[in-house]
Amino acid sequence: MALGEGEGSDGLLKAQAHVWNHILNFINSMSLKCAIQLGIPDIIHHHGRPITLSELVAALSLPSSKTDYVGRLMRILVHSGIFAGQTNNENLEYSYILTPSSKFLLKDHPANMSPLVLSILDPILLMPWHVLSSCFGQDEPTSFEMIHDASFWDIVGRHTEIGNNFNVGMANDSHFVMTLVVREYEVFQGLNSLVDVGGGTGAATKMIAEAFPRIKCTSYDLPHVVATLAESAIVDSMGGDMFESIPHADAVFLKWILHDWGDEDCVKILRLCKEAIPSREEGGKVIIVDMVVKENMGDQELRETQLFFDMLMMVDFGGKERNEHEWQKIFQDAGFTQYKIQPVLGARSIIELYP
């Protein structure tokens, strides 16, 4: 078929621009990383009022020859909604302000996402994406393991800066999400005990314990992870392997754990969860915070975010983000009879799973 035959030039040009947009989409991520490394969100925040381009360049201690560079960086970040711009009515000088999104990048924000930006966009963690197509024809479970000959967790453990950024970012996420969960949803009501499987730094477990002092809370993770935790008066810590056993409690809590694993491993984990809790009549349940992918989600950016995460799980962990049918299948295979999904956490949901 000859180029353009049967198609209008406008449609062809739009299609070409669509492909260009995909080719260059990484620039959004790298521009965001650059702004964080320069400290731009905090500079705007501490300026106390809208900041002009010249004021921003001065605050960055950059040579004036880079003013054009900073202006172009800010232009794309304003376009993508990270920052906003406004014009002074007196002298028509353009200035920049924070948006709800860029407030999540401030160092003193309790849910600061900057550490996650710096870890996920680190060159070491981006390398597997360059060999993704090769992974499809190989036996290695992930392109991450194919290029690094090690798991994601091994690499994060070896590289201190990446590991620290990732752990801090995940702890900040726990603080943000759990603030909403304990404040607005009654999933922990009536429990006497709870074990947080894959509890990591214990941030989520501590928030549950503070909100519900009557619940005996335990953070459960690998022994070398638990060994780094400070002693707590309200949270017990226990080392172990979730593929071998899970401590007994009224409820098992799994926040962003199951998406790291394939279906067979998820079934293993959930079967052990079922053994660890009492019957539903006695208050037993598993509480899951994870994504439930929707095919017809009204918010297209949320939908795209879920699909991005699904690819991230495939490349780095060999896991996946699941739709309701896929969740239902692993629940049934693990021996559970009922579940309830609340799609109330943006791209994520709260799932209550009953034996």
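The values are calculated or read from the model by the stated rules, or taken from the named source; none is laboratory data. Worth saying up front: this structure is predicted, and the values here are computed from it rather than measured. Quick reminder, even Gly has a Cβ in these numbers, built from the backbone with ideal geometry, and neighbours come from all protein chains shown.
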So Gly298, is it part of a loop (DSSP other than H, G, I, E, B), of a type outside the set (A, V, I, L, M, F, W, C) and at pLDDT 95 or above: no
Qualifying positions in segment 210-227 - surrounded by 15 or more Cβ atoms within 10 Å (Cβ to Cβ) and either assigned to a loop (DSSP other than H, G, I, E, B) or in contact with a Phe, Trp or Tyr (Cβ under 6 Å, 6 or more places away or on another chain) (or both): Phe212, Ile215
Residues located in segment 119-149, provided they are aromatic (Phe, Trp, Tyr) and assigned to a helix (DSSP H, G or I): Trp129, Phe144
Segment 176-186, residues that are β-branched (Val, Ile, Thr) and surrounded by 20 or more Cβ atoms within 10 Å (Cβ to Cβ): Val177, Val181
Checklist (1) closer than 27 Å to Phe176 by Cβ; (2) touching a residue at least 24 places away in the same chain (Cβ under 8 Å) applied to Phe104, failing item: (2)
Any pair with Cβ under 9 angstrom, 6 or more apart, that starts in segment 314-338 at a residue that is farther than 30 Å from Ser133 by Cα and ends at one that is among the polar types (S, T, N, Q) and exposed (fewer than 14 other Cβ atoms within 10 Å of the Cβ): Phe331/Thr337; Phe331/Gln338
Some residue of segment 37-52 being farther than 19 Å from His109 by Cβ and either of a type in the set (S, T, N, Q) or assigned to a strand (DSSP E or B) (or both): yes
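Determine if segment 305-314 includes at least one residue that is within 27 Å of Ile277 (Cβ to Cβ) and crowded, with 17+ Cβ neighbours inside 10 Å.
yes
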Filtered residues of segment 76-88 (kept if under 18 Å from Ser54 (Cβ atoms) and either exposed (fewer than 15 other Cβ atoms within 10 Å of the Cβ) or touching a residue at least 24 places away in the same chain (Cβ under 8 Å) (or both)): Leu77, Phe83, Gln86, Thr87, Asn88
Residue check for Leu92: modelled with pLDDT of 95 or more and either crowded, with 16+ Cβ neighbours inside 10 Å or in a loop (DSSP other than H, G, I, E, B) (or both): no
Pro343, sole failed condition from (1) surrounded by 17 or more Cβ atoms within 10 Å (Cβ to Cβ); (2) touching a residue at least 40 places away in the same chain (Cβ under 8 Å): (1)
Criterion: in contact with a helix residue (DSSP H, G or I) (Cβ under 6 Å, 6 or more places away or on another chain) and either under 30 Å from Ile44 (Cβ atoms) or not assigned by the TED database to the domain that holds Met30 (or both) - qualifying residue of Met74, Met146, Met113: Met146
Residue check for Thr142: buried (at least 17 other Cβ atoms within 10 Å of the Cβ), over 23 Å from Asn28 (Cβ atoms) and hydroxyl-bearing (Ser, Thr, Tyr): yes
Segment 49-70, residues that are within 22 Å of Val117 (Cβ to Cβ) and touching a residue at least 12 places away in the same chain (Cβ under 8 Å): Ile51, Leu56, Ala59, Leu60, Val70
Count - residues of segment 121-134 that are of a type in the set (A, V, I, L, M, F, W, C) and without any contact (Cβ under 8 Å) to a residue 24 or more places away in the chain: 3
Where a residue in segment 275-287 is β-branched (Val, Ile, Thr) and its partner, wherever it lies, is in a helix (DSSP H, G or I), with Cβ under 8 Å and at least six apart: Val286/Leu270; Val286/Cys273; Val286/Lys274
Residue check for Phe308: under 20 Å from the mean Cα position of the chain (by Cα) and free of Cβ contacts under 8 Å to residues at least 40 places away in the same chain: yes
Some residue of segment 228-251 being surrounded by 14 or more Cβ atoms within 10 Å (Cβ to Cβ) and part of a helix (DSSP H, G or I): no
